[in-house]
Each structure stands twice: as structure tokens, then as C-alpha cells.
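Trainee: Here it is, the structure in full.
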Amino acid sequence: MPDLPSAGPSGPPSLTPQDRRKVARAAALRPLNVLVLVVGAVFFVATLAWWVPLLTLATYGTLVFLGARDPILQQRTLGLEAPAMIRQEQEIPPERRARWLARGETRQQVDDALAEYRKVVAAIETSDDVTRAVLEDTIPRLHAAADRLVDVALQREKAAGNVRDLRRKPSSGTGPRAEDLQRLQARVDEADAEISATHEELTDLRAKVVRISIETDDSRRAAALNASLDELNARLEALGDINSP
């Protein structure tokens, strides 16, 4: 059995030069990236505008560069063990985990966000073949966002419980206990804002998927959609353990 790339203490596995070439080749042949070249060639033939090949090659090069650093593509190409963020099918569905939340505003917001998440997934899965090929990497990102949203909500509920416990205890309003209370409350507020923002963003994503399926510049819109999902996942992951300093 070949040796797998070794993982660093705080980052993704380091790839050998041979593995990097394999991933770069896979990124170059991605349907989304090849489609950019095809659309650019067709537009150039129709217009003979000199700037079209330059823009097409620049866009294609950027997509290949970003794709070669995509952990999802690395896992698929090299057969590595899936990172925790994309090992979704082996875990409890987010809707089931959301039932662990106490009934209230937070659970309602999470339930609404997960309903939008399922609608986005369904919109992709029921779209035409070209749209599904363009959005092949979007669904794993959606699964990761849904799981992380539930993680944040569960941590938020735990932190809110600690806030209530601290407020029940007598305090002078200063000192370590007051600082802990202030810190926890700030983290709870931050989690509330992110849960609400995630719901809104997932609602907007469904409209973006529909536009991608009917408009000609779907490759660029798909890249922008995946970039927004990457940003959403990064924000949710950045919250981490809400109860930690």
C-alpha cells in the first residue's frame, strides 16, 4: 500500500511533487474549467475581439490554480481519507442533530436555514447535466456549511446556559467572573448573528443556482457561488468552541 502524504500539525496533508501534478491535471480537466475555454473560444470566433483569449486564459488559469488547492479535489484525485469537513455522509444528518437543540428562536432559525439548504441541494440535483457538472463541488460545500451551522448552534446553546449560570451567582460586577460573563455573552451574540446570516445566505444561494442553470456565464457564477460557500464555511469554522477563550 503506498504511503499517504503526511499531515502537518495545523494544515492539510503536504503533497509530493507527483501528487501535485496529478491534482493540477485533474483541476485542468474539470468540466467547469474546460467549459470556460469552450465558451471563450466560441465568443472569440463570434466577435474576433483580441481581449477574449486573454480574459479566457486568465480566468481558466485562476480556476485551475484554485482547484489544485481544493481539498475536495485532492481527496478525490489521490484517494486520501476525507477530511472532517467533507466526511458528511458518514455522520449524523444535520437535521437530526438540530433536534438536540432546545425549542426556541435558535432552533427555529437553524431549522429554517436547513430547509433552505435542502432546497438548494434539490435545485442542483434536479438541474440539467451541464449545470450539475458545473456545480459538482458545490454540494459537498453545502453539506459542510449545514453541519457547521448545527455545530455553532449547539455550542451557542451551551454557552448561553453558562451565561445563565454565571448570572445566577452573586458577583461584584468586576473580576474574572464578570470578564467570563462578558466574553461568553459576546460569543453568544456573535453566534446569533452568524446563524441569522447563514439563513439569509442559503436563501440567496437557491436563486443563484437557478440563474446558473439558465444563463450563459454559468461557469463564472458557479465559481463565485463556491467562493461564497468557502467564505461561509470559514466564518462558521472560525467561531470554533464558543465556550473557549
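The values are calculated or read from the model by the stated rules, or taken from the named source; none is laboratory data. In this text the structure is predicted, and so the values were computed from the model without any measurement. For neighbour counting, all protein chains shown are included, and Cβ atoms are generated from backbone atoms with ideal geometry for every residue, glycine included. SASA here: full protein model, heavy atoms, side chains in, ligands and nucleic acids out. Shrake-Rupley method; radii C 1.70, N 1.55, O 1.52, S 1.80 Å.
Trainee: Please count how many residues of the stretch 188-228 are in contact with a Ser or Thr (Cβ under 9 Å, 6 or more places away or on another chain) and basic (Lys, Arg).
Mentor: The qualifying residues number 2.
Trainee: If you don't mind, another one. Give the residue that is surrounded by the fewest Cβ atoms within 10 Å (Cβ to Cβ), with candidates limited to residues of the stretch 186-206 that are of a type in the set (Gly, Ala, Ser) and farther than 15 Å from LYS158 by Cα.
Mentor: Checked the stretch 186-206; the qualifying residue surrounded by the fewest Cβ atoms within 10 Å (Cβ to Cβ) is ALA193.
Trainee: Output yes when any residue across the stretch 186-203 is assigned to a helix (DSSP H, G or I) and farther than 22 Å from ARG235 by Cα, and no when none is.
Mentor: no
Trainee: Then there is this: What residue, among those in the stretch 66-120 that are more than 20 Å from GLU231 (Cα to Cα) and acidic (Asp, Glu), is modelled with the lowest pLDDT?
Mentor: Selected residue: GLU89.
Trainee: Please count how many residues of the stretch 17-51 are assigned to a helix (DSSP H, G or I) and farther than 21 Å from VAL130 by Cβ.
Mentor: The total comes to 11.
Trainee: List, please: which pairs have Cβ atoms under 7 Å, are six or more places apart or on different chains, and start with a residue in the stretch 31-60 that is outside the structural domain of VAL134 (by the TED database) and within 12 Å of SER219 (Cβ to Cβ) and end with one that is of a type outside the set (Val, Ile, Thr) and open to solvent by 50 Å² or more (accessible area, probe 1.4 Å)?
Mentor: Sorted first by the residue in the stretch 31-60, then by its partner, the pairs are PRO31/GLU136; THR56/LEU37; TYR60/LEU37.
Trainee: Checking the condition open to solvent by 20 Å² or more (accessible area, probe 1.4 Å), at pLDDT below 90 and aliphatic (A, V, I, L, M), which residue from VAL130, VAL134 passes?
Mentor: Only one candidate qualifies: VAL130.
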